[in-house]
Amino acid sequence: MTPRLQSLLFASTLLVIADMAGAESHDHGHDHGHDHGHEHGAAMLEVNMTTPVVSVWMTVPGGDFFGDLPEDQHTQRTAEDLVAGPDMILKLPGAAGCSVLTSSVDITEIKEGDHAGHSDVTVKFGLTCTNPDAITSLEPRVFDSFPAVTSVDLTVAGPGFSLTVEVPAPGGPVWVRPLVMPTS
């Protein structure tokens, strides 16, 4: 690995860690895990591609996340055990060569509004990809991992493109950017 690539990878890793640490305060058009987004059966999935780093956030109501587990087992440890890796949430093309840099699971209790007493679970992954240009489609796997989820609001952003789409169960691949045609 060249020194320039090592520096870029290190800087990207720091950005992902800083972004994940401040996820509740970042502002790019929506909130993660706040009451207005708490809708049973619906998950919010956001993918931000900043070459070579890919950040993935998923927020889902706690009841949909934990499924049939008794209320006393809705704990941080149980949540972390339920999320073995990003493949439970999102399938990325193998050719992208992505590996996990950071991960976290947060449970937020809603204290006000129509959903007071409920909780949201936010799962975050910071990935580094050796070939991020291979990410031309994404496949939400939320439906397989969390059967109570019936739709995913997917937002994808990257250099020169953005996409927001609702993906109903059972899901399937979502094309996230067009092929770049060579110019002659």
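Residue-wise HN-Hα couplings along the range 142-149, as the Karplus relation 6.51 cos²θ - 1.76 cosθ + 1.60 with θ = phi - 60° gives them from phi, are 4, 5, 6, 7, 10, x, 6, 7 Hz; Gly and Pro carry x. Within the range 45-184, antiparallel bridges make up roughly 90 percent of the DSSP beta bridges whose residues both belong there.
Extension gain, residue 109 to residue 39, is 23.8 nm, computed as 0.36 nm per intervening residue step minus the present C-alpha separation. Between residue 161 and residue 87, the simple label model (points 7 Å from Cα in the Cβ direction) yields a spacing of 2.5 nm.
In terms of accessible area, using a 1.4 Å probe and ignoring ligands and nucleic acids, 55, 99 rank largest first as 99, 55. Ranking of 77, 141 by solvent-accessible surface, largest first: 77, 141 (1.4 Å probe, protein heavy atoms only, all chains present).
The values are calculated or read from the model by the stated rules, or taken from the named source; none is laboratory data. Bear in mind that the values here come from a model prediction, so they are computed numbers and not experimental data. FYI the Cβ positions are ideal-geometry reconstructions off the backbone, even for glycines, and counts take in every protein chain you see. Quick note on the areas: whole protein, heavy atoms, side chains included, nothing else; ligands and nucleic acids left out. Shrake-Rupley method; radii C 1.70, N 1.55, O 1.52, S 1.80 Å.
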